[in-house]
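Colleague: There's a structure below that I have some questions on.
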Amino acid sequence: MTIDETIPLVLGGPPIQGEVPTDGPLRDGFGRLIKNLRISVTDRCNFRCTYCMPEEGLDWLKREDILSYEEIDRLARIFVSIGVEELRLTGGEPLVRRDLPVLIEKLSPIKGLKSLSLTTNGFSLKQMCADLVAAGLQRINVSMDTPVREKFAHITRRDALPQVLEGLEECEKYPELSPIKVNAVAIRDFSEDDVLAFAELARRKPYIIRWIEFMPLDAEEKWDRTDVLTGAEIRAIIESKYPLEPVSDDRIATAQRFRFVDGTGEVGFINPVSEPFCETCDRVRLTADGQFRTCLFSRWETDLREPLRSGASDAEVEHVIRAAVWRKEMKHHINDPGFQPASRSMSQIGG
Ligand code: SF4
């Protein structure tokens, strides 16, 4: 494969060790196969979660810097052609980007794609669910940190719990949209009282509740380890009333899955702080402005927008992707001395 030297291929990060693979399934320097691409379609959001961004919001990306749906589609096809099987659309809040079903319609028929999902705060879900499903959306994760209206308004700075619950109920009308997951960020001295209420929601409704440990990805860098309520602690609260048993799952997943022993519902625990799962990481991320991140906590990025807009061929873009993935970080360093936060906050990466 010849590389056109005129195309500026900006490779961020550490020097390449060894020969970058030029074919075969996408894999990193540790031999991990990369099958999951998370695509942020916007850095904007209509909520202001206190553990994510300040009330006034952030300096939003300029419109001209944001990838078009055609550019996202082209990149997604290149990734799927070299082994990615799962695409997840994220934000900021993806449903604030206009005409999102148009993008889903482009992506859903990609040959080799096994899963197309969306992570949303659910605020506009009731209105948009039918179009998202008609466009080909298969799975959905709704972020909801508490089922208590006042607490919801406090942590999101939006009195919007009723809309989110309506959005979830709307999803129930579409059996092809499955599973329906509810992601709750666990924060000490905030979440404990909601644990059993969420367990009862998982037993009452077709929602899988997943608790996610609070990670140091907040824009104001106020995260403190003492705010982390671990998955093990939450599980103990649930099991004080509802015994759980593990759900075996041979797929690579971030969540430890459990079902209630009496068989009514499922909960999951994503414990990146207390029980990191980097060893089996198969995920990479694309930011809304076309920067490629090989780890949630990356401190470097590789520009994919520039080659796209400078006339690079698919093969040349593939080369850049392979070179960046080859240098994918082994793990996060949250628990290591001298941990340095990611070069972007969660709302600018998309989770
Ligand atoms: S922290 Fe990075 S390496 Fe670890 S699981 Fe997350 S994305 Fe993968």
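The values are calculated or read from the model by the stated rules, or taken from the named source; none is laboratory data. Everything numeric in this text was worked out from a predicted model, so none of it was measured. Cβ placement follows ideal geometry from the backbone for every residue including glycine, while neighbour counts extend to all protein chains displayed. Quick note on the areas: whole protein, heavy atoms, side chains included, nothing else; ligands and nucleic acids left out. Shrake-Rupley method; radii C 1.70, N 1.55, O 1.52, S 1.80 Å.
Colleague: Using a simple spin-label model with points 7 Å from Cα along the Cα→Cβ vector, what separation in nm is obtained for ALA153 and SER274?
Modeller: About 3.2 nm, to one decimal.
Colleague: Something else: Keeping all protein chains in place, calculate the accessible area per residue for the chain (probe 1.4 angstrom), answer in Å².
Modeller: Computed with neighbouring chains in place, this is 44 Å² per residue.
Colleague: Still on this structure, please answer the following. Using θ = phi - 60° and the Karplus relation 6.51 cos²θ - 1.76 cosθ + 1.60, list the HN-Hα couplings for the range 202-212 in order, rounded to whole Hz, with x at every Gly or Pro.
Modeller: Running phi through 6.51 cos²θ - 1.76 cosθ + 1.60 with θ = phi - 60° gives 5, 7, 8, 10, x, 10, 8, 8, 10, 8, 10 Hz.
Colleague: Just reorder ILE110, ILE252 by solvent-accessible area, largest first, 1.4 Å probe, all chains present. Present the calculation step by step, with values, prior to reporting the outcome.
Modeller: On the way: ILE110 10, ILE252 80 Å².
Result, largest first: ILE252, ILE110.
Colleague: Which entries of LYS181/LYS222; LYS114/LYS181; LYS126/LYS241; LYS62/LYS151 show an alpha-carbon separation above 25 angstrom in the structure shown? Before the final figure, lay out each step's value.
Modeller: Values: LYS181/LYS222 28 Å; LYS114/LYS181 18 Å; LYS126/LYS241 33 Å; LYS62/LYS151 33 Å.
With Cα atoms farther than 25 Å apart: LYS181/LYS222; LYS126/LYS241; LYS62/LYS151.
Colleague: If the cut-off is a Cα-Cα distance under 19 Å, which lysines reach LYS331, setting aside same-chain residues fewer than 8 apart in sequence?
Modeller: Reachable lysines: LYS35.
Colleague: Follow-up question, since we're still on this one. Ignoring ligands, DNA and RNA, how do TRP300, TRP211 rank by accessible area with a 1.4 Å probe, largest first?
Modeller: Working: TRP300 40, TRP211 5 Å².
Result, largest first: TRP300, TRP211.
Colleague: I would also like to ask the following. For the range 29-188, give the percent of accessible area contributed by carbon and sulfur heavy atoms, probe 1.4 Å, rounded to a whole number.
Modeller: 49
Colleague: Still on this structure, I have one more. Once both labels are modelled 7 Å past Cα along the beta-carbon direction, what's the GLU176-LYS222 spacing in nm?
Modeller: 4.3
Colleague: Using just the helices of the chain, give the 222 nm mean residue ellipticity in deg cm²/dmol: DSSP H runs with n ≥ 4 each add -39,500 (n - 2.57), and the total is spread over all residues, rounded to 500.
Modeller: Counting only the DSSP helices, I get -7500 deg cm²/dmol.
Colleague: How large, in percent, is the carbon and sulfur part of the accessible surface of the range 308-351 at a probe radius of 1.4 Å?
Modeller: C and S fraction of accessible area: 57 percent.
Colleague: Hey, which aspartates and glutamates would be in cross-link range of LYS205, C-alpha to C-alpha under 18 Å, not counting anything within fewer than 8 residues on its own chain?
Modeller: Output for LYS205: ASP145, GLU166, GLU169, GLU170, GLU172, GLU176, ASP194, ASP262, GLU266.
Colleague: For the full complex of protein chains and a 1.4 angstrom probe, list ASP227, ASP193 by accessible area with the highest value first.
Modeller: Correct descending sequence by accessible area is ASP193, ASP227.
Colleague: Related question: Expected output is a single nm value to one decimal: the length gained when fully extending between LEU58 and ALA315, i.e. 0.36 nm times separation in residues minus the C-alpha distance. What is it?
Modeller: The LEU58-ALA315 span can extend by a further 89.0 nm.
Colleague: Could you grab the relative contact order for the range 155-255? Cα pairs under 8 Å, six or more apart, rounded to a whole percent.
Modeller: On the way: 75 pairs, mean separation 26.1, N = 101.
Over the range 155-255, the number comes to 26 percent.
Colleague: In the range 304-338, which GluC sites (Glu not before Pro) are in a loop and have at most 12 other Cβ atoms within 10 Å, using DSSP for the loop call?
Modeller: none
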